[in-house]
1. Can you spot the aspartates and glutamates whose alpha carbon is less than 20 Å from residue 105's alpha carbon? Ignore those fewer than 8 places along the same chain.
2. Name the residues whose placed amide hydrogens come within less than 5 Å of the amide hydrogen of residue 93, ignoring near sequence neighbours (fewer than 5 apart) on the same chain.
3. Top to bottom by accessible area (1.4 Å), largest first, where do 11, 97 land?
4. Do the sum for the chain: with -39,500 (n - 2.57) for every DSSP H run of n ≥ 4, divided by all residues, what is the mean residue ellipticity at 222 nm, to the nearest 500 deg cm²/dmol?
5. Once the range 27-88 is represented by equal point scatterers at the alpha-carbon sites, with solvent omitted, what log10 I(q)/I(0) does the Debye formula produce at q = 0.21, 0.22, 0.30 Å⁻¹?
6. Please list, in chain and number order, the residues 5+ apart from residue 60 or on another chain whose amide H is under 5 Å from its amide H, with Hs placed from the backbone.
7. Can you send over the carbon and sulfur percentage of the accessible area for the chain, probe radius 1.4 Å, protein chains only?
8. At 1.4 Å probe radius, can you tell me the per residue accessible area of the chain in Å²?
Amino acid sequence: MSSRCATKDRDSALVWEQIQALKGNDQEPAFKSLAYFVQIAQNGPPLTQHLDKKQVHEAHEFVSPASGKTEKVWRYRRGDIRILFYYGHDGILLLADLVAKRSDKLEKAVLNRAEQAVNEYLSAAKSNQVLSAG
């Protein structure tokens, strides 16, 4: 499991900023959703083996300028919390975005942020700048 970070310090993971940006009554469910997602992710990809289609499914695909290929962003749903993620190299699950959402359709701005996160990851991976956990 990986999240973009502002610095090399894991405490600067942008997922923490995304949770802090949520309204107060969404923050606790977001923490719980993230904790459960991490727990399920430890079983290994693909997450579709461990969760049903309502909980996890492909949310968006796009042609990445970083890879030149069609890339897929997946969505995990628990209650009103949506976690967008990407299956990266070497079993990495990149947390692309975390939002509170009351409807199934994701806004274009959310999908654009997910694309940006994937492109940044792919560019960093290409230049060997992806840090492993640990």
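The values are calculated or read from the model by the stated rules, or taken from the named source; none is laboratory data. It should be emphasised that the depicted structure is a prediction, and the values quoted were computed from it without experimental measurement. Side chains are part of the model used for accessible areas, which takes the heavy atoms of the whole protein and leaves out ligands, DNA and RNA. Shrake-Rupley method; radii C 1.70, N 1.55, O 1.52, S 1.80 Å.
1. List returned: 26, 52, 58, 61, 71, 80, 97, 115.
2. Hits under the 5 Å cutoff: 2, 88.
3. 11, 97
4. So the helix-based figure for the chain works out to -10500 deg cm²/dmol.
5. The Debye formula, applied to the Cα set alone, gives -0.85, -0.90, -1.31.
6. Correct list: 73.
7. 48
8. Result: 59 Å² of accessible area for each residue.
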